[in-house]
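Worksheet for the structure shown next.
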Amino acid sequence: MGGNQTHIKFILLGITDRPRAQTPLFMLFLLIYIVTLVGNVGIITLVRVSPSLHTPMYFFLTQFAFTDICYSTVISPRMLADLLSEDKTISFTACMMQFFTFAFFATVECHLLAMMAYDRHVAICQPLLYVTIISSCVCWQLVASSYLFAFLSVIIYTWCVFGGSFCGPNHIDHYFCDEFPVLKLVCSDTHSSEMIIFAFITINVVGASVVILLSYISVIHTVLRMCSVQSRARAFHTCASHLMALSLYFGPAFFMYLQPPSSHRSLDKVASIFYTVVTPMLNPFIYSLRNKEVKGALIKCRSRFFNHWQHRRVLSLRT
């Protein structure tokens, strides 16, 4: 990247150019962002204060909630500000950092989903060895490796996207600095960069998908061999929320990043809104409303809170 690149400014065209639609969209996306923060912070807090949730599955879930908070925060505040502002310019450095941070946390989340699938595979298929295979040390090593691999991958992504020469139009037809809208502005040939990016995304997304697929094939095979109908139902119920989160994440990801660059059309913004804004909001509800352990821990915490509050109120009245 040449030194003159840092003086370039881009203009984000945003979600819509209709002035009447911008205020309602601002209110909608602000509400979604607040719910995202409250829901994911709530999941992290609940797992931390509930001893019954101190298991590898919920450790991965807290990491998942943390990445949802991070990559939603990379996108939403800037998008909200642009909906109310006429000045939608963004510097080259800010654009590059937004892409780097978003791609980093999105890649980490992809790996976390694979780890959660492997965790369910061990818990259901090898329950007697679960504590040994998925120990606390192993959990931290898996998470650390996902962050390291994501960091190395995203350095290459960012170089491929922003390492070219920008000498023409500076209007990014998107609401954030994503890969294909930025590459359209590069003056030099981007074919080799697109192929490198495609290869690394394939390694990350398809690699994680293979781990998930093999894990759940093994889970389904084990569950169908269970004699007890109750055990079978409990095992399926445990995996249901994870499978729903998988479909919400990988569906838009496959649509957006595993198609030829020439195939990208106006639906890209809709798909992007879904996985950058909507999915991080839905994940806490999927994992809490469909999970008996989380709901049980939530009820216990609420009871403890009200009991503590009533106890303090009684003491204050006595004094």
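The values are calculated or read from the model by the stated rules, or taken from the named source; none is laboratory data. Quantities reported herein were computed from a predicted structural model and do not represent experimental measurements. Cβ: placed from backbone, ideal geometry, glycine included. Neighbour counts: every protein chain shown. Only protein heavy atoms, including side chains, enter the accessible area calculation; ligands, DNA and RNA are left aside. Shrake-Rupley method; radii C 1.70, N 1.55, O 1.52, S 1.80 Å.
For every other residue with a beta carbon closer than 9 angstrom to the beta carbon of Phe180, add +1 if it is Lys or Arg and -1 if Asp or Glu, then tell me the sum.
Working: positive: Lys184; negative: Asp178, Glu179, Glu194, Asp268.
Net charge around Phe180: -3.
Using amide H atoms built 1.01 Å from N in the peptide plane, name the residues 5+ places from His171, or on other chains, whose amide H lies under 5 Å from its own.
Here Ile11 satisfy the definition.
Sort Leu28, Leu128, Leu46 by heavy-atom solvent-accessible area, probe 1.4 angstrom, most to least. Before the final figure, lay out the partial values.
Numbers: Leu28 85, Leu128 165, Leu46 15 Å².
Ranked from most to least accessible, the order is Leu128, Leu28, Leu46.
Separation of the range 51-95 and the range 20-36 by C-alpha centroid, Å?
With the range 51-95 and the range 20-36 each reduced to a Cα centre, they are spaced 15 Å.
So, counting K/R as plus one and D/E as minus one, what does the shell of residues with Cβ under 12 Å around Tyr33 add up to? List each step's numbers first, then the result.
Working: positive: Arg78; negative: Asp68.
Net charge around Tyr33: 0.
As a test of reading the structure, rank His7, His174, His121, His221 by solvent-accessible area (1.4 Å probe, protein chains only), most first. Don't skip to the answer; put the middle values down first.
Details: His7 150, His174 5, His121 35, His221 105 Å².
Ranking His7, His174, His121, His221 by accessible area, largest first, yields His7, His221, His121, His174.
Based on the alpha-carbon gyration tensor of the range 64-215 and its eigenvalue square roots a ≥ b ≥ c, which shape applies: rounded if a/c is under 1.5, prolate if not and a/b is larger than b/c, or oblate? Don't skip to the end; give the middle numbers.
Working: a/c = 3.12, a/b = 1.97, b/c = 1.59.
The shape class here is prolate.
What are the ³J(HN,Hα) values, in whole Hz, obtained from phi via the Karplus relation 6.51 cos²θ - 1.76 cosθ + 1.60 with θ = phi - 60°, for each residue of the range 269-278 in sequence order, with x given for Gly and Pro?
Calculated HN-Hα couplings, in order: 5, 5, 5, 5, 4, 5, 8, 8, 10, 7 Hz.
For the range 145-152, take each phi angle, set θ = phi - 60°, evaluate the Karplus expression 6.51 cos²θ - 1.76 cosθ + 1.60, and give the result in whole Hz per residue in order, putting x for glycine and proline.
Along the range 145-152, the couplings run 5, 5, 5, 5, 5, 5, 4, 5 Hz.
Ser165's amide H: which non-local residues (gap 5+, or another chain) put their own amide H closer than 5 Å, with H modeled 1.01 Å from N in plane and none for Pro or chain starts?
Those lying under 5 Å, H to H, from Ser165 are Cys187, Ser188.
Quick one: grab Rg to one decimal and Dmax as a whole number for the range 148-197, Cα atoms only, in Å.
Considering the range 148-197 through its Cα atoms, Rg and Dmax are 11.2, 35 Å.
Any idea of Thr36's accessible area? Nearest 10 Å², probe 1.4 Å.
Rounded to the nearest 10, the figure is 0 Å².
Can you compute 3J(HN,Hα) from phi for each residue in the range 48-56, using the Karplus curve 6.51 cos²θ - 1.76 cosθ + 1.60 with θ = phi - 60°, rounded to whole Hz and x for Gly and Pro?
With coefficients 6.51, -1.76 and 1.60, one gets 5, 8, 10, x, 5, 9, 7, 10, x Hz.
Leaving out ligands, DNA and RNA but keeping every protein chain, what accessible area does Ile220 have, in Å² rounded to the nearest 10, with a 1.4 Å probe?
Roughly 80 Å² of Ile220 is accessible to a 1.4 Å probe.
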